[in-house]
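Structure first, commentary second.
The values are calculated or read from the model by the stated rules, or taken from the named source; none is laboratory data. Everything numeric here is computed off the predicted structure, so don't read it as measured data. Cβ placement follows ideal geometry from the backbone for every residue including glycine, while neighbour counts extend to all protein chains displayed.
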Amino acid sequence: MTRKPLKLLHTSDLHLGSDIYPADALVGFRQVIALSIEHSVDGVIVAGDLFDNRGVSPELVADVFRQFGELNRPVVVLPGNHDTFLMNGSFDRTNLPDGVDVMLVRGGESIDIEQIGLSVWGDPVYDHSPAFRPMGALEPRSTGNWYVGIAHGLVTDSDPYNEYSSKITPDELEQADCDYLALGHVHVFREVTSGRGAPAYYSGAPSGGRSPTLAIVSLDPVEGVSVEQIRLER
C-alpha cells in the first residue's frame, strides 16, 4: 500500500485553566485552532498537558473539545501529568465529538485513523514519577499507515544518580519503530532525534512563555518527514 502525504499539527502544554496565565492559555488555544485551518492539516496531535489541573471547569473542557470537533479533522489528545481532570475516572471519552480521541488506557494504546492513513500510540501520564517511562511500552508498527508515537516526558541520558520523572532516553527514541515522535513536557521547540531513529521533536508551548510555538509535521512517502517550527504572534 502506498502511503499518501500527510500534514499534522503537533502541539502540547497548552495548560488551559492555568492559574498563572489563563488568558494567554486561551489565546494559544485559539491560535492552535486557527492554524490548523490555515495550514490545512489532516490531523492534530496534542502531546500532553492540554489542561492545567484537576480543578479545571467542566464547561471549559466541554468547550475545548467542542472546538476541536468543529475542525472536522481527527484530533488525538494524550494526557500529560497536568491532565488529572481527564484521568480521574469521571471523564467519559465516549461523549467526545466525532473524530476527537483522548488516550486513556494505562500502559498505552494505539489508535488507527484509517480515513487519513495514520496510526498513533501513546501512554497517558497517570504516574509522574521515575518509575514511569512514557515510551517504555511502545508497540511495534502493526499497520501500513504512517505511525506516530506520542509521549509526554523529559528526554535525558540514563543516569542512576538523576532519576527524573517520566524519563525518555535517547536509546528509546532511536529504537522506536515510528515515522515521527511527537513529544510534550518541554515548553520550547526542540529537536531530540537520536541517531538514526525517527524524527523526534518537542513542539514547544503555544502560551505561557516569551516564544510560543507549535510544529507543522509533513509526512511524504518520497520526501520523508519534515518539521516546521511555527512561532505564534502575540
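Laid out as a table, the results:
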{"item": "Residue list for the stretch 78-101, filter: among the acidic types (Asp, Glu) and either in contact with a Leu (Cβ under 9 Å, 6 or more places away or on another chain) or in contact (Cβ under 8 Å) with a residue 40 or more places away in the chain (or both)", "result": "Asp83"}
{"item": "Members of the stretch 66-114 found to be within 15 Å of the chain's Cα centre (by Cα) and not aliphatic (A, V, I, L, M), listed by number", "result": "Phe68, Pro74, Pro79, Gly80, Asn81, His82, Asp83, Asp101, Gly108, Glu109, Ser110"}
{"item": "Any chance Ala151 is in a loop (DSSP other than H, G, I, E, B) and of a type in the set (A, V, I, L, M)", "result": "no"}
{"item": "Verdict on Leu86 being of a type outside the set (Ser, Thr, Tyr), in contact with an Asp or Glu (Cβ under 7 Å, 6 or more places away or on another chain) and surrounded by 17 or more Cβ atoms within 10 Å (Cβ to Cβ)", "result": "no"}
{"item": "Answer from Ser226, Ser203, Ser211 - the residue that is surrounded by 15 or more Cβ atoms within 10 Å (Cβ to Cβ) and among the polar types (S, T, N, Q)", "result": "Ser203"}
{"item": "Answer residue from the stretch 200-224, given it is more than 26 Å from Ser129 (Cα to Cα) and part of a loop (DSSP other than H, G, I, E, B) and is modelled with the lowest pLDDT among those", "result": "Arg210"}
{"item": "Residues of the stretch 163-188 classified as surrounded by fewer than 21 Cβ atoms within 10 Å (Cβ to Cβ) and either of a type outside the set (S, T, N, Q) or closer than 15 Å to Gly122 by Cβ (or both), total", "result": "8"}
{"item": "Helices (runs of 4 or more DSSP H) within the stretch 1-106 that include 3 or more residues of a type outside the set (A, V, I, L, M, F, W, C)", "result": "22-38, 58-69"}
{"item": "The stretch 108-122, residues that are small (Gly, Ala, Ser), part of a strand (DSSP E or B) and in contact with a Gly (Cβ under 7 Å, 6 or more places away or on another chain)", "result": "Gly122"}
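This table checks each residue for (1) within 21 Å of Ser18 (Cβ to Cβ); (2) of a type outside the set (Gly, Ala, Ser); (3) in contact with a strand residue (DSSP E or B) (Cβ under 7 Å, 6 or more places away or on another chain).
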{"position": "Pro140", "(1), (2), (3)": "no, yes, no"}
{"position": "Thr169", "(1), (2), (3)": "no, yes, no"}
{"position": "Leu183", "(1), (2), (3)": "yes, yes, yes"}
{"position": "Arg190", "(1), (2), (3)": "no, yes, yes"}
{"position": "Ala200", "(1), (2), (3)": "no, no, yes"}
{"position": "Ser203", "(1), (2), (3)": "yes, no, yes"}
{"position": "Pro221", "(1), (2), (3)": "no, yes, no"}
